[in-house]
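Colleague: Dropping a structure here in structure tokens format, bear with me for questions.
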Amino acid sequence: MDEYFAAATAGPPVAARPPRRPLLLVSLLVVLALTVAAGAVRVSRARAAVGSPLHAVTAPATGGWGPTYVDDQGRPARWDPCVPIRYVVQPDWLPPTGRADIAAALGRLSRASGLTFLDEGDTHELPSRKRPAYQPQRYGERWAPLLIAWAPAGQTDLGLGKRVQGVTVAVAVPGKNGGSLVSGQVVLDASRPLPGGFGPGATEGEVLLHELAHAVGLGHVQDPTQVMYSTTTNSESEYGAGDRAGLAALGRAAGCHPAPAPKGVRG
Ligand SMILES: [Zn+2]
């Protein structure tokens, strides 16, 4: 199991290595970073294991929305909208409005997508590149829940700092009906606090809306009026028409999409 996840986070060697045992699922890991500079500049970085049926989409979409991952047939990876997306919160560096902002952001995400979210409480896991997507001792025989955290840049290796305000890791596995998002992490920079809420300018709420949309399968767009644009804006933080179209396309309207069980994953 460790080998599997180590390989998944290590990148390209996954594709080059001939399977000695039934490798089954090859996980992809993508890191999409949101930076804030004077409320106006974001950049993104992405890295992914390649060579599996899933591919990380790194170029910003020219249309209203784009996916985080597609398979060889162009189908976007998505969560199963017929079961709640379970999440846990790392509370150690939570800002004063953190819980309210998480609840509000997930509420907006749910209304736009039809996806539902289930709070499984707090965790003291730290966001990390090495966080296994399957932790049976901690979470049981299922995929690890989505981890939502604030952390100082020095407390995580996910690339916060240097104007990177938020990072999302979205874990997807391939499947015969298209890829399944099964786990992930969203971390915001606690060492550079922003105003709470969703008002004008760069806010914790805006960063949450952006990162959580990554976590449910949206990639960047070239349209600066959308939350999924790769830089913050000075407008009110709310999903735009393109964001909503993407969230709808990846949500309940797309139908049930059962994910492969993690017990099928072996290294
Ligand atoms: Zn982003």
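Colleague: For the range 207-267, what log10 I(q)/I(0) values come out of the Debye formula at q = 0.19, 0.20, 0.23 1/Å, with one point per alpha carbon and no solvent?
Modeller: -0.72, -0.76, -0.90
Colleague: Take the alpha carbon gyration tensor of the range 153-267, find the square roots of its eigenvalues, order them as a ≥ b ≥ c, and report rounded if a/c is under 1.5; if not, report prolate when a/b exceeds b/c, else oblate. Could you put the intermediate results ahead of the total?
Modeller: Working: a/c = 2.77, a/b = 1.38, b/c = 2.01.
Verdict is oblate for the range 153-267.
Colleague: Subtracting the Cα-Cα distance from 0.36 nm times the residue separation, let me have the gained length for residue 118 to residue 141 in nm, one decimal.
Modeller: Going from the current span to full extension adds 6.5 nm.
Colleague: Once phi is turned into θ = phi - 60°, what whole-Hz ³J(HN,Hα) does the Karplus curve with 6.51, -1.76 and 1.60 give for every residue of the range 54-66, x standing for Gly and Pro?
Modeller: These are the phi-based 3J(HN,Hα) values: 9, 10, 6, 9, 9, 7, x, 6, 8, x, x, 7, x Hz.
Colleague: Another one. Quick check on packing: order 171-183, 128-140, 150-162 by the mean number of other C-beta atoms within 10 Å, highest mean leading.
Modeller: Ranking the peptides 171-183, 128-140, 150-162 by packing returns 171-183, 150-162, 128-140.
Colleague: Considering amide H positions built from the backbone, and no H for Pro or chain starts, which residues 5 or more places from residue 144, or on another chain, come under 5 Å of its amide H?
Modeller: Residues meeting the criterion, in which the H sits 1.01 Å from N, are 134, 135.
Colleague: Here's something else I'd like to know. Sorting check: for 57-70, 191-204, which peptide has the highest mean count of neighbouring beta carbons within 10 Å, and how do the rest follow?
Modeller: Values: 57-70: 19.1, 191-204: 17.5.
The packing order, highest mean first, is 57-70, 191-204.
Colleague: Still on this structure: In the range 203-267, with Lys and Arg counted as +1 and Asp and Glu as -1 at Cβ, which of these residues, 216, 239, 255, has the Cα nearest the positive end of the dipole, that is, farthest along it?
Modeller: 255
Read the figures in this text as sums done on the coordinates, not as results from a lab. All values derive from a computational prediction rather than experimental measurement. For neighbour counting, all protein chains shown are included, and Cβ atoms are generated from backbone atoms with ideal geometry for every residue, glycine included.
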